[in-house]
Amino acid sequence: MLTNPDEGSVKGKGAETMLPRRGDPFRAGAPAGSAAPVPPPAAPRGVDLSGTPDLTADDLAKLFPDAPSPNALAAENAAAPDEAFEATMAPYATLPAEPAAPAAPPGAAPPAPQGRQTGNNMYDPDIQWLGLQINPDEIGIKTTEFVRPDAVQADTGLVAFLVTDERLKQRWKEIDDLEAVVTTAPKISLKVAQEMLDRLATARNLLLGARDQIEDAERQIGEARYIYERARRSKWFEQPSIIFGFQLIMMLIMVGGFIWMLGAVDVLVAVDGNLRRLGPAFDTLSVAVLWASILWGGLGGVTGAFWNLWRHVAEKKDFDASFSVWYYTYPLLGMMLGAFVYVVVLSGVLSFLQETPLFLFILAWAVGFQQNLIFKLVNNVLKRFGPDDAGDTPQTAA
Amino acid sequence: MTRVIVVANQKGGVGKTTLVSNLGAALAEAGQKVVLIDLDPQSALTAGFGLDPYALSRTAYTLLTRDNVSLASVLRPVGDNLVLVPGSVDLAAAEYQLADAPDQVFRLRNVLARSRVPADCVLIDTPPSIGLLTVNGLVAAGELLVPVQCQYLAMRGVRGLLESIWLIHERFNPELNLLGVVATMYRGGSDHSREVVDELQAVFEHKLFDTIIEDEDTVAKAPVTGKPVLTYRPQSEAAAAFRRLAEEVLHAH
């Protein structure tokens, strides 16, 4: 029996077998002549399939008379969902649960917050007033406290892969760069510079210690960079000299207020008289004393601002420009608290001071200077009338 | 710049997984930092490195189906300079779960785009079909590597793949280039194997790699030991072939 020696050979069939009808997609749009000519796919020898239409449902029905029609099958599938398929896929309907984080041992104390000590310690962090934190450290965007999980044993293969020499060198260079700017940046106080240098030295030690300590080193570098960027981006009005000028102006305004008061006795007496016509509630009110209280409170605020400016710039050398708003608002708060003290005295709580305005003025100055005293006082009073903190919050009630 | 290479062929059994594991090992041996990604629900690549695809909590499935999962969090070290994103049988369900996702074909691409893993090369192993998983690989990659078993039916698989590339180019990833075609499972002394290589040469010209991967027992046995050939039999002819191929791949860049 003779056999065709070419039978079973793929010689010459490469293009027709492997290339799509549209040609090689990787040569589409290439300049003419740059690509190999691609012959159109040919039909198998001896069979001309060009123009052969696809089989219709009727053709299939003739070929397979016993088979159900495609339309009937579709209708059947639509009527009855494939329960076997759905049962198979059910486990994939929900995602696998993440492994639970290791629970803290019972009785373990929560980790101490690692917040940076800021230069402003006038406020007691525990003070709350009307439920609001007034500690400057706590003012700002609130975030949930992030508790770092215990470090897990690093996989040496992953460490070798992820912590490259290049990455280590980049971090080392970042430390070099930051150290250079810390020692030359004009807006950074000595304390802040010291803290940054400490952090950078720690980062160097971590990098020198082990490759898998890079995450902690990067954390230290990141915090040092944040401190630097905050100082670098501080505005002109956040600088100590401008704040000093503002306090000076405020002091002059207070002194001007006293001088005006001495020359405007008639006006103040007339205002007192007009107020008394409003009713007996205003009988004891003296606008002159109120005015003086406001001014003494403001002077106390100015003194407090001056004192803190001196303390953080000259003594502790930890001035932080991000607290500039505190310095600007302190004299204004002092003025308001001076008025508040007078109102308290009028209410009878400290009635003996009505006869001795000098003590009233000293008190107004004192609360302007040490404003957290009055906040504490108000907080304690409100606590007596407000809801009990313990057991009243949804968390503890639940 | 990280090279992302997808290894695909519509036909099964042409040596995709073998190529990914051994080419990855050879590139790593050459000093490249290599990430292997197993997108095949059969997870042969994962099993070939001695990992149990049924016992892994974080796999390519996690990467594709969950938002904001980083590449680094699913990596498994499988050799020096070589890490693996393991596959799992769950990948079979990923196609259904991602059916309504607007970015269903861009999931892997997005993961790689936001990854900070310092890899020189990412090699993606795909299943033997043009489904969502393979398309994810083709969309994420910059280069396509096509293994073709030295048999007629494997040649036919190339056509199915190239048909899909037209669509990928038009709709999702016009930047996908052909890195090359590798003749695999070559049987020395077989006229048929030689003819297939000749046809590959005629059609793909310089895109056909000079290195031909022969059909050897060593290649088949290596996965049993959980190692690539380069580790299992470093002095074997197969290991040498993969090293030569790695050199070609590096120079084809």
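The values are calculated or read from the model by the stated rules, or taken from the named source; none is laboratory data. Because the structure is predicted, anything quoted here is derived from the model rather than measured. With ideal geometry, Cβ positions are generated from the backbone for all residues, glycine too; neighbour counts draw on all protein chains shown. Heavy atoms of the whole protein, side chains included, go into the accessibility calculation; ligands, DNA and RNA do not. Shrake-Rupley method; radii C 1.70, N 1.55, O 1.52, S 1.80 Å.
Before moving on, here are some points about what is shown:
- For chain B, the longest site-free run once trypsin sites (Lys or Arg not before Pro) in DSSP loop states with at most 11 other Cβ atoms within 10 Å are removed: B:117-253
- Taking 17 Å as the cut-off, the amide N atoms of the range A:181-199 that come nearer than this to a point 7 Å along the Cα-to-beta-carbon line of A:ILE242 belong to A:186-189.
- Inverse of mean 1/r across different Cα pairs in the range A:236-385, Kirkwood, Å: 16.5 Å
- Rough spin-label spacing in nm, given labels placed 7 Å along Cα→Cβ, for B:ARG187 and A:ALA270: 12.0 nm
- Whole-Å semi-axes of the ellipsoid equivalent to the range A:152-232 (Cα gyration tensor, √5λ, descending): 27, 11, 9
- Span-rule helices in chain B, defined as complete DSSP H runs reaching 18 Å or more along the axis (Cα) with Kyte mean at least 0.0: B:16-29, B:152-167, B:237-251
- List B:SER193, A:SER347, ordered by accessible area with a 1.4 Å probe, largest first: A:SER347, B:SER193
- Net charge of the neighbourhood of B:LYS221, taken over other residues with C-beta under 11 Å away and scored Lys/Arg +1, Asp/Glu -1, is 0.
- Using the rule -39500 (n - 2.57) for each DSSP H run of four or more residues, divided by the residues of chain B, the 222 nm mean residue ellipticity is -11500 deg cm²/dmol.
- Taking 0.36 nm per residue of separation and subtracting the Cα-Cα distance, full extension of the segment from A:PHE258 to A:GLN194 would add 18.6 nm.
- List B:HIS192, A:HIS312, ordered by accessible area with a 1.4 Å probe, largest first: B:HIS192, A:HIS312
- Distance between the 7 Å Cα→Cβ label points at A:ASP177 and A:ARG384: 6.0 nm.
- FRET E, pair B:ALA99, A:ASN372, Förster distance 60 Å, beta-carbon r, rounded to 0.05: 0.50
- Those residues of the range A:153-176 whose amide nitrogen sits under 19 Å from the label point placed on B:SER73, 7 Å along Cα→Cβ: A:153-155, A:158-159, A:162-163
- Note on A:SER234: accessible area approximately 10 square angstrom, rounded to 10, probe 1.4 Å, nucleic acids and ligands left out.
- Each Cα pair under 8 Å and six or more residues apart adds its sequence gap; the mean of these over the residue count of the range A:236-385 is a relative contact order of 30 percent.
- Measuring spread by the Cα atoms of chain B yields a radius of gyration and Dmax of 16.8, 52 Å.
- Extension reserve of the B:HIS251-B:ALA220 stretch, reckoned as 0.36 nm per residue once the Cα distance is removed: 8.4 nm
- Size descriptors for the range A:242-308 (Cα atoms only): Rg and Dmax, in that order, 15.0, 47 Å.
- Accessible area of B:ASP80 (1.4 Å probe, protein heavy atoms only, ligands and nucleic acids ignored): about 140 Å².
- Partners for A:LYS11 among lysines (Cα-Cα distance below 24 Å; same-chain residues under 8 apart left out): B:LYS11, B:LYS207
- Among the protein heavy atoms, those of B:SER129 account for about 50 Å² of accessible surface (1.4 Å probe, every chain in place).
- Of the trypsin sites (Lys or Arg not before Pro) in the range A:204-270, the ones in a loop by DSSP (not H, G, I, E or B) with at most 15 other beta carbons within 10 Å are A:ARG233, A:LYS235.
- Percentage relative contact order, the range B:70-215, counting C-alpha pairs under 8 Å, at least six apart: 19 percent
- Per-selection metrics, the range B:98-180 (Cα): Rg and Dmax in Å: 13.4, 42
- Residue-by-residue Karplus 3J(HN,Hα) for the range A:15-26, coefficients 6.51, -1.76, 1.60, Hz, glycine and proline x: 5, 5, 7, 9, 9, x, 4, 7, x, 6, x, 7
- Here the range A:152-232 is assigned +1 on the Cβ of each Lys and Arg and -1 on the Cβ of each Asp and Glu. Its dipole about the Cα centre then comes out at about 320 debye.
- Put a dot 7 Å past the Cα of A:GLU166, heading toward its Cβ, do the same for A:SER347, and the two dots end up 6.8 nm apart.
- The relative contact order of chain B comes to 27 percent, based on Cα pairs under 8 Å that sit 6 or more residues apart.
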